[in-house]
Every structure is written in structure tokens, then in C-alpha cells.
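Working notes, beginning with the structure itself.
The values are calculated or read from the model by the stated rules, or taken from the named source; none is laboratory data. As the structure is a prediction and not an experimental result, all values here were calculated from the model. Ligands, DNA and RNA are stripped out before the accessible areas are found, and what is left, the full protein with its side chains, is counted by its heavy atoms. Shrake-Rupley method; radii C 1.70, N 1.55, O 1.52, S 1.80 Å.
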Amino acid sequence: MASFIKAMAGKAGPAVRKQALTLTNTAASRVRNLLDLRQRTYLRLGVKARGCNGLSYTLNYADEKGKFDELVEDRGVKILIDPKALMHVIGTKMDFINDPLRSEFVFMNPNSKGECGCGESFMTSTNKSSG
């Protein structure tokens, strides 16, 4: 039995990890433009407790990667994910909307279990009990 388990473990190989964040072409273009304007290397994505549903996304410029930051390179731009935000944003797609009513980044987050009516905050199963 032990040899069977060893053989299967050898065939399985390393676990494939889901990318933490993906960007649409529009979002990548906007991030690239913002980073070039500010002459910065990274944009850092985080979450903070705020709003009706508990969490809100934050975006800040960064010059260097923190020790525990998750680095995502997608479509030629570099996004750092704050370690406290990582479990809330795994698998999220980031887009940028620019129309006559708004100009903003939007997040399609598969971990979101609810959003407030205005769209400013969201809830995941991880933060549901703390709100």
C-alpha cells in the first residue's frame, strides 16, 4: 500500500495554484498608464474593513515588494496583493470601466458572498461572521 501511495504522489507532481488576480486588457492598459504617470513599479491591491458589507478594495502605488506580498504579473503590469487581502481576492478579475457616468476599476470576485447596493463594499465567507 505504501509503495502505491508513493507511486501516485510521484505522478501527481506539484499542485497547480490558481492565479490570485487576472486583469482585462482595459484594466492592464489603465494600470500601465497610471504607473507610467507616477513613475512607480507596482500597484498594490488590498482590502480594508469599510462599508455596509464589511470589506472594500484599496489600490495604492508601491515602489517595492513587501516580504509577504503576492506578486501578480499579468498583461505586462505588476500588481502586489497585500497578504491580508489575498484570501479575499483569489481568482478575482479586475476590469476598468470608463463611461459618461463613471471611471473606475471594478472587481469580479468569485469569493464575494454579497455586496452592498452602492457597490462600495463586499463580503466573503471569511469575513461574514466578523461584520
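Amide H neighbours of Lys78 under 5 Å, counting only residues 5+ apart in sequence or on other chains, H built in-plane at 1.01 Å?
For Lys78, the qualifying residues are Leu43.
Taking H as built 1.01 Å from N, whose amide H comes closer than 5 Å to the amide H of Ala20, not counting residues under 5 places away?
Counting only residues 5 or more places away or on other chains, the set is Gly91.
Would you rank Phe68, Phe107 by solvent-accessible area, highest first, keeping every protein chain in place and using a 1.4 Å probe?
Largest accessible area first, the list is Phe68, Phe107.
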